[in-house]
């Protein structure tokens, strides 16, 4: 089994596997019941509303959910603290967000498209190749032929850091 992160986009021939083996299987976002199960496994007694608040911020992104639950279960922060500072340089996700920001800043096309995506309050249509790259980086999700930020964490952080009003 070969596993790789979607965090960094490396231009590759789309018609050929870089490993010449295997079938790509995309890890889907976690559902509300799956997140609720993880909450319980972390020894937390949350209401459905608390699970919903976490998911409003990070969606069902497995890594982001796991990081949040780990820190909260260890009593390093509360859900309220996490939600307040999550999209900031002080937040739990600052390194993760900063890596994405640096990657966007290295590619003007991706940077401009991400600005357009986080500015809109509904899914937007962008160039297919650009949408593919942003999706490959894990920053957006596709809805029909349009894209929207994968989660509110990305919308809030990139609106601020890309100087979008």
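Per-structure values
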| read-out | value |
| --- | --- |
| Residue count, segment 90-113 (criterion: within 17 Å of residue 163 (Cβ to Cβ) and within 13 Å of the chain's Cα centre (by Cα)) | 4 |
| Tally of residues being exposed (fewer than 15 other Cβ atoms within 10 Å of the Cβ) and in a helix (DSSP H, G or I) across segment 35-52 | 6 |
| Which numbered condition residue 72 fails, given (1) more than 16 Å from the chain's Cα centre (by Cα); (2) over 17 Å from residue 38 (Cβ atoms); (3) buried (at least 21 other Cβ atoms within 10 Å of the Cβ) | (2) |
| Test result for residue 26, modelled with pLDDT of 70 or more, exposed (fewer than 12 other Cβ atoms within 10 Å of the Cβ) and under 20 Å from residue 133 (Cβ atoms) | yes |
| For residue 148: the one exception among (1) assigned to a helix (DSSP H, G or I); (2) under 15 Å from the mean Cα position of the chain (by Cα); (3) within 21 Å of residue 31 (Cβ to Cβ) | (1) |
| Listing of helices (runs of 4 or more DSSP H) fully contained in segment 53-136 that carry 2 or more residues being in contact with a strand residue (DSSP E or B) (Cβ under 9 Å, 6 or more places away or on another chain) and closer than 15 Å to residue 155 by Cα | 108-119, 128-136 |
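For every residue, the table says whether it meets (1) surrounded by fewer than 16 Cβ atoms within 10 Å (Cβ to Cβ); (2) touching a residue at least 12 places away in the same chain (Cβ under 8 Å); (3) closer than 22 Å to residue 28 by Cα.
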site: 79; (1), (2), (3): no, yes, no
site: 85; (1), (2), (3): yes, no, no
site: 93; (1), (2), (3): no, yes, yes
site: 139; (1), (2), (3): no, yes, yes
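The values are calculated or read from the model by the stated rules, or taken from the named source; none is laboratory data. In this text the structure is predicted, and so the values were computed from the model without any measurement. Here Cβ is always computed from backbone atoms with ideal geometry, including for glycine, and neighbour counts include all displayed protein chains.
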